[in-house]
Amino acid sequence: MSARPEPRPADPVDAIIEQWARVRPDLDTAGMEVFGRIYRLARAMGDRHEQVYAPFGISRGEFDVLATLRRAGEPYTLSPRQLSATLMLTTGGMTGRLDKLERAGLLRRSPDPHDRRGLQVTLTEEGLRLIDEAVVAGVAEQSRALAALGQERAAQLADLLRELLLATER
């Protein structure tokens, strides 16, 4: 006697797929199943990260700016253009974030010594301290979410998503 596989719990994407199957059975909804879940995961984790970063006085977008400077390594300095390109933001969107973070004392803007027309953005000591604490909190939240899969399945998922991302960005 063979054991029956455990029924999988349904999620909101399953309901959407079932609706499409009823009204348009000719549609191949495999992409909806994958990307619908990716979009929902991104939104849910984005909301969680907003909550995690709030005690630090920063939004997720502001975290991204500070984290990009931190990842650049010492002296934790990039141009606004480099930040905009890395974060895929318009210069206007970047200026607003930089203004807020500078007012909070987390970064400073200064003239670029190599380009009279350019600026440099540098983490302050307070910004470095804050981003080092905030990144630990954010990574812990991600680890809590991934715990549902276990290490091996989480690694498989990361590999599959990498493959899909590379294929879609070509």
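The table below gives the values:
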item	result
Region 100-170 - percent relative contact order, Cα under 8 Å, separation 6 or more	19
Label-point separation, L146 to R129 (7 Å along Cα→Cβ), nm	3.0
Centre separation in Å (Cα based) which lies between region 1-40 and region 132-151	27
Probe 1.4 Å - accessible area at D64, Å² to nearest ten	60
Dipole axis of the chain (+1 Lys, Arg; -1 Asp, Glu on Cβ), positive-most option in S110, P7, G61	S110
Inverse mean reciprocal Cα-Cα distance (Kirkwood Rh) of region 71-170, Å	16.2
Virtual spin-label span in nm between I38 and R170, 7 Å along Cα→Cβ	1.5
Accessible area of region 66-170 belonging to carbon and sulfur atoms, whole % at 1.4 Å probe	54
Summed residue charge, Cβ within 14 Å of L164's Cβ, Lys/Arg positive, Asp/Glu negative	-1
Per residue Cα convex hull volume in Å³ - calculated over region 1-104	203
Tail weight of P(r) past 13 Å, computed on alpha-carbon pairs of region 127-166, percent	62
The chain: relative contact order in percent, alpha carbon pairs under 8 Å with at least 6 residues between	18
Solvent-accessible area per residue, Å², over region 1-131 with all protein chains present [probe radius 1.4 Å]	70
Mean ellipticity per residue at 222 nm, deg cm²/dmol - from DSSP H runs of n ≥ 4 across the chain, formula -39500 (n - 2.57)	-21000 deg cm²/dmol
Amide H contacts of L119 (H built 1.01 Å from N, under 5 Å, at least 5 apart or other chain)	D112
Protection proxy ranking of 6-12, 117-123 - average other beta-carbon atoms within 10 Å, highest first	117-123, 6-12
Sum of side-chain charges, A42 neighbourhood, beta-carbon under 13 Å (Lys, Arg +1; Asp, Glu -1)	+3
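The values are calculated or read from the model by the stated rules, or taken from the named source; none is laboratory data. Fair warning: this is a prediction, and the values are worked out from it, not measured in the lab. Note: ideal-geometry Cβ built from the backbone for every residue, glycine included; neighbour counts use all protein chains shown. Side chains included, ligands, DNA and RNA excluded: accessible areas come from the protein's heavy atoms. Shrake-Rupley method; radii C 1.70, N 1.55, O 1.52, S 1.80 Å.
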